[in-house]
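Below: one structure, written as C-alpha cells.
The values are calculated or read from the model by the stated rules, or taken from the named source; none is laboratory data. Here the structure is a predicted model, which means the values were calculated and not measured. Because the Cβ atoms are built from the backbone with ideal geometry, glycine has one as well, and the counts that use them run over all protein chains shown.
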Amino acid sequence: MIDFSDKKGLIVGVANKRSIAWAIAQATARCGAQLALTYQGRFEEKVKDLSKGLDQPLVIPCDLSSDTEIDALFTEVDRVFGGLDFLVHSVAFAPRDELTSQFSNTSRAGFQTALDISTYSLIALARGAAPLMERRGGGSILTLTYLGSQRVFPNYNVMGVAKAALEASVRYLASDLGPQNIRVNAVSAGPIKTLAAAGISGFSNILSVYRDRAPLKRNIAASEIGEVSAFLLSDVAGGITGEVLIVDGGFHAVGTESISS
C-alpha cells in the first residue's frame, strides 16, 4: 500500500549503517523514493559508501548549526529534484559532559548546543522544506524522539529537555504548516544501539530493562522504526499530523519503575 514512486525525500542524520535515519532511507527507497542524504564532515565517507546502495541519490554536506549551509542544502535539493515530498530529521547532540553530570549542573553553553542541534534544527529544516513541498501539493515531515522527553532516564539529562522541546515543536509546526497540506509527526523509538546511544552511560542497562519489562519482551530493531516511519511519511497516513507515535514494544505503557544507572 505504501508507494513512494515519483516521490523525492530528504533524510538528515545518517551517520553509519546503524543509524535510524539509514533504516528509514532503506524503507522508503524500497518503496520507490528518490533520496537526498546529508552528512556532517567526519561522516562523509560512510554516508557516501551507504548511498551507493540507493538509486541515483543526492549526497550533500550540511552543518545544521549554520543557516547558510541549510539554505544551500535546499537550493541544491530544489535544483536537482525540483521540489520535495518528505523530510526526515534524525539528529540529536549534546556535549558528553552534559550527559554524565547531574542535570542541575547543565551549563548554559551545553544547554544551548543541545537545543540548537537537537530541536531548533527541525524548525530550520521545516522552514526550508515547506516551499518545496507546497509546490508539489504538500508533504510530510518526520522527526525522531525518545521517552526521555516525558520521564527521567539516567544520564539523559539535557537531551530529555531537548526532546520535550522537539515534541512541542512538532505540534506547533503541524499547526503552522497544515494549511499547506504539510504534515509533521514524530516517532518515539525505543532504545537502539546507534552512534548517539553510545554516548549515554549505562545504555546497556536500559536495553536490558526494556527487554524485561516491555510487553513484547524484546528490544526494537531499527528496521521496525524504518517501516513505521515510511508509513507516517506516506500518503497512507494522510490524516495524521501533530502526532508522537511511540514504538518501543509497549514499554511506555507498563514501565513504571525507574531505571537505575
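Would you point out which residue out of Ala197, Ala164, Ala186 is modelled with pLDDT of 95 or more and surrounded by fewer than 20 Cβ atoms within 10 Å (Cβ to Cβ)? Steps first, answer last, please.
Values: Ala197 fails: modelled with pLDDT of 95 or more; Ala186 fails: surrounded by fewer than 20 Cβ atoms within 10 Å (Cβ to Cβ).
Unique residue meeting the criteria: Ala164.
Just give me the residues in the range 43-71 being out of contact with any Pro (no Cβ under 8 Å at 6 or more places or on another chain), surrounded by fewer than 19 Cβ atoms within 10 Å (Cβ to Cβ) and closer than 16 Å to Ile123 by Cα, in sequence order.
Selection gives Asp63, Ser65, Ser66, Asp67, Thr68, Asp71.
For the range 141-155, enumerate the residues that are assigned to a loop (DSSP other than H, G, I, E, B) and closer than 12 Å to Ser118 by Cβ.
Going through the range 141-155, the residues assigned to a loop (DSSP other than H, G, I, E, B) turn out to be 146, 150-155.
Residue satisfying the conditions is Tyr146 alone.
Do you know which residues across the range 93-145 are more than 22 Å from Ala168 (Cβ to Cβ) and of a type in the set (Asp, Glu)?
Within the range 93-145, Asp97, Glu134 qualify.
With within 20 Å of Ala92 (Cβ to Cβ) and of a type in the set (Gly, Ala, Ser) as the only criterion, which of Ala72, Ala23, Ala33, Ala29 stands out? Steps first, answer last, please.
Values: Ala72 fails: within 20 Å of Ala92 (Cβ to Cβ); Ala33 fails: within 20 Å of Ala92 (Cβ to Cβ); Ala29 fails: within 20 Å of Ala92 (Cβ to Cβ).
From the options Ala72, Ala23, Ala33, Ala29, the qualifying one is Ala23.
Of (1) surrounded by fewer than 20 Cβ atoms within 10 Å (Cβ to Cβ); (2) within 15 Å of Ile246 (Cα to Cα); (3) touching a strand residue (DSSP E or B) at 6+ places or on another chain (Cβ under 8 Å), Val170 satisfies all except one. Which?
Unmet for Val170, out of (1) surrounded by fewer than 20 Cβ atoms within 10 Å (Cβ to Cβ); (2) within 15 Å of Ile246 (Cα to Cα); (3) touching a strand residue (DSSP E or B) at 6+ places or on another chain (Cβ under 8 Å): (1).
Just to confirm my filter: which strands (runs of 3 or more DSSP E) fall fully inside the range 1-80 and include at least 3 residues that are on the phi > 0 side of the Ramachandran plot and touching a strand residue (DSSP E or B) at 6+ places or on another chain (Cβ under 7 Å)?
Numbers: elements: 8-12, 34-39, 58-61.
Per the criteria, no element qualifies.
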